[in-house]
1. So the label point goes 7 Å from the Cα of Arg215 along Cα→C-beta, right? Which residues of the range 125-151 then have their backbone N under 16 Å from it?
2. What is the ratio of the Cα radius of gyration of the chain to 2.2 N^0.38 Å, with N the residue count, to two decimals?
3. Over 13 Å apart: what share of the alpha carbon pairs of the range 63-113 falls there, rounded to a whole percent?
4. Please give the net charge around Leu35, taking every other residue with its beta carbon less than 15 angstrom from that of Leu35, where Lys and Arg add +1 and Asp and Glu add -1.
5. Which of the peptides 161-167, 115-121, 25-31, 144-150 is most tightly packed, and how do the rest follow, going by the mean number of other Cβ atoms within 10 Å of each residue?
6. Could you check the spin-label model distance between Asp197 and Ala45? Points 7 Å from the Cα along Cα→Cβ, value in nm.
7. What length, rounded to one decimal in nm, is gained on full extension from Ala147 through to Glu207, with 0.36 nm per residue of separation minus their alpha-carbon distance?
8. If each of Gln240 and Gln33 carries a label point 7 Å out from its Cα toward its Cβ, how far apart are those two points in nm?
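The values are calculated or read from the model by the stated rules, or taken from the named source; none is laboratory data. Just so you know, these numbers come straight off a predicted model, no measurement behind them. Every residue, glycine as well, gets a Cβ built from its backbone with ideal geometry; the counts of neighbours run over all protein chains shown. The area values use the complete protein model at the heavy-atom level, side chains included, leaving out ligands, DNA and RNA. Shrake-Rupley method; radii C 1.70, N 1.55, O 1.52, S 1.80 Å.
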Amino acid sequence: MLIEQGGAYALIDCGTEDCETELLSYLEQAGVQKLALLVMTHPHADHIGSMDAVLEKYPVEKLVLPQLEKAANYPTAACFEHVVAAAEEKNVDTVEAQDGDVYTLGGGTLTVLGAGVTSEGYNDISLDLLFQYGDFRFLDTGDGEKANEKALLAAGADVSAAVFKAAHHGSRTSNTLDFMQAVRPKLVVVSCGLDNDYGHPNAEALENFAAVGARVYRTDRQGSVVVEYTAADGVTVMTQKEAAA
């Protein structure tokens, strides 16, 4: 997820290693020359596979990592080690996210609403990120599952957002009805591969999105999804392919 405000850019996660060429091309077309923030929600390969390539190509002011110690096993996958090595080579300022951290992005802010929960795996250590500019709010909870969502609600976090990036690619282990009723999104963007092996997005998640009246956009059907907000026009959506379902 690439966020731009006032000429400043933040990139949340970087996809698989296989998408490196496409990702770098997209960033170039978007006009990115440097990143104010590069954020790793959690260290799964489908979220950080091309992060080392981004670090090698673009100046990054700050790399934000999740609290890795909350997972049962510290990540040792090659792609994670490559990210760490690239950040060290480029001398990038690297920080571990904490609940309530706020980063300025142009005239907006990116807030860490939650820094994940202790988990056997990596999904629930995902950072819960809220971007706000004026009246516009966008929520990205990485691959956070039910425990992550429950913890956010229990903490009393204001998760309301006009736009929500479906958690865990639209999995039924996330996107619970209670959470969707708290977010109340107008738009949900599902990042999932065409004919993926997991059946994402799951029918139950889609039902929960429908239950709160959200319009759903899917990268497997619409390709890249660009959401633009202006005070005058509100939210508009542009897609690479056909209109949203």
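1. 137, by backbone N distance to the label point.
2. On the way: Rg = 16.7 Å, N = 245, 2.2 N^0.38 = 17.8 Å.
Here the Cα radius of gyration is 0.94 times the empirical estimate.
3. Working: 866 of 1275 pairs.
Percent of Cα pairs beyond 13 Å in the range 63-113: 68.
4. Numbers: positive: Lys34, Lys57, Lys62, Lys90; negative: Glu4, Asp13, Glu28, Asp52, Glu56, Glu61, Asp93.
Overall, the nearby charge balance is -3.
5. Details: 161-167: 25.0, 115-121: 17.0, 25-31: 12.1, 144-150: 22.0.
The peptides rank, most packed first, as 161-167, 144-150, 115-121, 25-31.
6. Modelled inter-label distance: 1.0 nm.
7. On the way: separation 60, 0.36 × 60 = 21.60 nm, distance 1.99 nm.
Taking 0.36 nm per residue and subtracting the Cα distance, the gain is 19.6 nm.
8. 2.6 nm
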